[in-house]
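Novice: Just dropping this structure here.
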Amino acid sequence: LCYYTLRKIISLSETKVVVLTGKTSLFERTILSLSKEMNFDVVFIPHGIPCSEIDLYHQKYPYYLVPNKSSQETLIQRGYPKDKIENVGPVIFDDLIKYKKNVVEEESILLITSPLVEDNLMFKKIYFHNVRKILSTISKSGYAVTIKLHPREKNLKNYLKIIKNLNLKKTKVICGADREVLYHQIAKNKILIHFHSTAALEAMLLDKII
């Protein structure tokens, strides 16, 4: 369904270029597949750590806009076509600048999670056992805690269950893909705890404890 829907949209709109910020979802993989079949270009601007899983582009290499020279050199070493790489700087962090001084920092902790269960990198039971241990330990600090879920996570009720069972009155969960919400939370909280997230880089730029 995704394939035929996107194919029709691209055909009717006479699309010449598609811009992607990710490369692993069904939508993104379908776009990459269709780019060769329908002869349109793809521009990839990574929203996370670049240079990973470039073998996904075996059908047709998109234009890769990288954030630094190191990423550019890594891609070239891995066999990515030089004429398809452009070093444009870390444009994904451009919106971060307004949070440098305009948000009052609180004595609190932000826990940024990752879709480790959804990506089959960890069993659900083990993942939430670890989350429970982490939240239990954090609660002893007396800090208020905000848990920011990754947009692709599907197990909100498991987090809420842990919070209820541990009686964590100073812990809350927020969801959604709005980057403004994420940046506000990073700026607002003094400490960031993450599970391998680009948010750690954003927090470093805002001088947070990680």
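The values are calculated or read from the model by the stated rules, or taken from the named source; none is laboratory data. Keep in mind that what you see is a predicted model, and the values were worked out from it rather than measured. We place every Cβ from the backbone using ideal geometry, glycine too, and count neighbours over all the protein chains shown. Protein only, heavy atoms only, side chains kept; ligands, DNA and RNA dropped before computing areas. Shrake-Rupley method; radii C 1.70, N 1.55, O 1.52, S 1.80 Å.
Novice: With the requirement that a residue be within 24 Å of Phe195 (Cα to Cα) and open to solvent by 90 Å² or more (accessible area, probe 1.4 Å), what does segment 15-46 give you?
Specialist: Hit for segment 15-46 is Leu26, nothing else.
Novice: Right, something else. Could you list all residues from segment 139-153 that are in contact with a helix residue (DSSP H, G or I) (Cβ under 7 Å, 6 or more places away or on another chain) and of a type in the set (D, E, K, R)? Spell out how you get there, then give the answer.
Specialist: If we filter segment 139-153 for residues that are in contact with a helix residue (DSSP H, G or I) (Cβ under 7 Å, 6 or more places away or on another chain), which is where we start, we get 145-149.
Within segment 139-153, just Lys148 meets the criteria.
Novice: May I pose another question? Mind checking whether some residue in segment 194-206 is touching a residue at least 12 places away in the same chain (Cβ under 8 Å), over 27 Å from Asn120 (Cα atoms) and in a helix (DSSP H, G or I)?
Specialist: yes
Novice: I'd like the residue in segment 115-136 that is modelled with pLDDT under 95 and not hydrophobic (A, V, I, L, M, F, W, C) and, out of all such residues, is nearest to Ile193 (Cα to Cα).
Specialist: By that ranking, first place goes to Pro115.
Novice: I'd like to check something: does segment 75-84 contain any residue that is free of Cβ contacts under 8 Å to residues at least 60 places away in the same chain, on the phi > 0 side of the Ramachandran plot and either open to solvent by 40 Å² or more (accessible area, probe 1.4 Å) or among the basic types (Lys, Arg) (or both)?
Specialist: Quick first cut of segment 75-84, residues free of Cβ contacts under 8 Å to residues at least 60 places away in the same chain only: 75-84.
Imposing the further condition that a residue be on the phi > 0 side of the Ramachandran plot reduces the set to 79.
Imposing the further condition that a residue be either open to solvent by 40 Å² or more (accessible area, probe 1.4 Å) or among the basic types (Lys, Arg) (or both) reduces the set to 79.
The answer is yes, given that some residue of segment 75-84 is free of Cβ contacts under 8 Å to residues at least 60 places away in the same chain, on the phi > 0 side of the Ramachandran plot and either open to solvent by 40 Å² or more (accessible area, probe 1.4 Å) or among the basic types (Lys, Arg) (or both).
Novice: Something else now. Could you run through segment 167-181 and say how many residues are within 19 Å of Gly142 (Cβ to Cβ) and open to solvent by 60 Å² or more (accessible area, probe 1.4 Å)?
Specialist: Of the residues in that region, 4 qualify.
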